[in-house]
Amino acid sequence: MAIRGIPSQREMTVEQFKEWLKQFDADGDGRISRAELREAIRSRGGWFTTLRAGRAVRRADRDKSGFVDDAEVENLVAFAQKDLGMRISAW
């Protein structure tokens with residue numbers, strides 16, 4: 001199910017997705033928090049609740065740190081594709 005307001009036609013590569021996420025790493029720690037992910041999605045015009053952002057982070061967060069780090073971004077890509085309707089390609 002796509003997020004309302006986010007055009008799923010716009011495709012980006014995994015690297016572009018990572019760079020896009022880095023813009024929202026407010027504290028510069030190299031990890032994405034639930035609040036940072038929520039702001040990233042909202043920046044694209046989508047409605048994204050704190051609860052839904054928390055679910056996304058929990059799915060991607062393999063080490064259970066509460067954040068998505070660089071090693072876990074691939075998991076967030078999968079979530080974005082499946083649950084948010086974002087088009088992200090390998091190249």
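Rule-based calculations on the coordinates, nothing more; no lab input. From a predicted model like this one, the values you see are computed outputs, not experimental measurements. Positions of Cβ are generated from backbone atoms using ideal geometry, with glycine treated the same way; all protein chains shown enter the neighbour counts.
Per residue, the chain reaches -14000 deg cm²/dmol at 222 nm when only DSSP H runs of four or more residues are counted, each adding -39500 (n - 2.57).
Here each label is just a point 7 Å from Cα along the line to Cβ, and for Lys82 and Arg44 those points are 1.7 nm apart.
Looking at the chain, do any whole DSSP H helices span at least 27 angstrom along their long axis by alpha carbon and average 1.0 or above on Kyte-Doolittle, and which? TM-like helix candidates: nothing returned. Between Ala56, Gly66, Leu21, the Cα set farthest toward the positive side of the dipole of the chain (charges on each charged residue's Cβ, about the Cα centre) is that of Ala56. Computed on the stretch 24-89, with alpha-carbon pairs under 8 angstrom and 6+ residues apart, the relative contact order is 26 percent. The Stokes-Einstein estimate for the stretch 24-89, based on a Kirkwood radius over Cα pairs and taken at 37 °C with 0.692 mPa s viscosity, is a diffusion coefficient of 279 µm²/s.
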